[in-house]
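Any read-out appearing in this document is the output of simple, stated calculations on the displayed coordinates, not a laboratory observation. No experiment lies behind these values; they were computed from the predicted model shown. Counting neighbours? That spans all protein chains shown, and the Cβs are built from the backbone with ideal geometry, glycine included.
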Amino acid sequence: MAYFSVILNDNRDEFLRQLCKGLARIKDGEFFKIKKQIVDKKTCIYSLECIDGYIPTRDSYNAAMGLIASTLSAYIVDVHEKTILKKVIDRYYYYFNKEEKEIIYANAISFSDEYNRELREYKIEGLRKSINDFLCEMHEINLEGFISFRGQNYLKCLREIADRAVDEYLMEREYNDFIKLLKYFVDLQSPKLDTINIIIKDDTYQLLDGDMNELDNHFIESAIQDSIEAEMNRDDILISFLLTMAPVKIYIHSVEKAVNKEIIETIINVFGGRVSICGGCNLCNDIRSMIKK
């Protein structure tokens with residue numbers, strides 16, 4: 001007699017393996033057996049049955065039900081979730097094209113991995129309770145139907161993950177469009193300096209020309225007077241100055257000292273092949289020696 005049955009569109013037996021492991025750990029687990037029935041190429045029914053002649057006690061019955069709930073909830077999150085997440089993105093963000101959806105999906109997976117342990121346990125526990133409540137009413141559970149009609153809290157969690165993934169994609173797209181605009185602006189500019197050396201000192205920058213002469217603040221402020229009046233921070237002033245000067249070559253020294261790594265990435269993205277990251281010149285060595293002293 002089948003006490004509990006689970007219908008899955010999965011013939012890879014991952015659920016079966018996890019169920020067998022769990023069965024070996026529960027009380028009176030030796031009196032239960034698992035039966036697999038293949039319905040078609042994809043659909044399988046996994047049934048938890050008692051061995052002949054055994055009448056389960058209330059404790060062993062509840063333990064078996066708890067095993068199904070905990071195993072199925074972990075299976076949903078660890079194995080089936082990526083498929084569900086794709087469906088969520090397809091349903092709610094249908095207006096993005098295929099390539100954009102793939103980026104959004106990758107962002108969502110990255111977000112889940114970032115908070116993997118805490119988020120995973122939260123999702124599994126919520127599903128376990130829902131599945132356990134369902135099995136108290138029905139002894140057969142169809143995964144697809146359960147997720148659609150009884151897994152709303154879980155789907156809401158995935159929707160929130162997808163929402164954040166979309167926000168990240170839109171911000172990234174906006175950033176890329178902005179970079180393209182800046183690159184276009186640079187290409188239109190006539191170089192006002194041939195070479196600029198950027199020496200990074202934590203959250204400050206020292207600028208030298210090609211002859212290693214320091215560019216004084218008055219020169220920088222005069223070049224970007226409008227930007228200075230806009231109360232920009234050091235990073236913004238640096239970018240604005242480089243855009244105004246449109247140098248042929250930019251050398252960045254002591255990159256490892258940068259507090260804001262994104263500013264380096266932005267300079268490289270905007271100026272492309274004009275940028276060279278110094279791997280250790282005499283200037284860099286002199287800076288390191290001064291820091292040590």
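Return the whole-Å distance between the Cα centroid of region 31-64 and the Cα centroid of region 75-125.
31 Å
So what's the angle, to the nearest 10 degrees on a 0 to 90 scale, between helix 58-75 and the longest Cα principal axis of the chain?
30 degrees
I need the calculated FRET efficiency for the pair L188 and A106, taking r as the beta carbon distance and R₀ as 41 Å, to the nearest 0.05.
About 0.75, to the nearest 0.05.
Looking at the chain from every direction and averaging, what is the projected area of its Cα convex hull in nm²?
Its average projected convex-hull area is 23.5 nm².
Which of V275, V6, V248 comes first, and how do the rest follow, when ranked by fewest Cβ neighbours within 10 Å?
Working: V275 18, V6 23, V248 13.
Fewest to most other Cβ atoms nearby, the residues stand as V248, V275, V6.
Can you list the HN-Hα couplings for region 35-51, worked out from phi with the Karplus curve (6.51, -1.76, 1.60; θ = phi - 60°), rounded to whole Hz and with x for Gly and Pro?
Whole-Hz 3J(HN,Hα) from phi for region 35-51: 10, 10, 10, 8, 8, 8, 4, 10, 8, 10, 10, 9, 10, 9, 10, 8, 6.
What is the sum of charges around I89, taking Lys and Arg as +1, Asp and Glu as -1, for the other residues whose C-beta is under 14 Å from the C-beta of I89?
On the way: positive: K82, K86, K87, R91, K98, K101, R159, R164; negative: E81, D90, E99, E100, E102, E160, D163, D167, E168.
Surrounding charge for I89 is -1.
For n ≥ 4 DSSP H runs only, could you compute -39500 (n - 2.57) per run for the chain, divide by its residues and tell me the 222 nm figure to the nearest 500? Don't jump to the answer; show the numbers that get you there.
Details: 12 runs with 170 residues, N = 293.
The helix contribution divided over the chain gives -19000 deg cm²/dmol.
Once the piece of chain linking Y175 and R12 is laid out straight, how much longer is it, given 0.36 nm per residue of separation minus the C-alpha distance between them?
So the extension gain works out to 54.5 nm.
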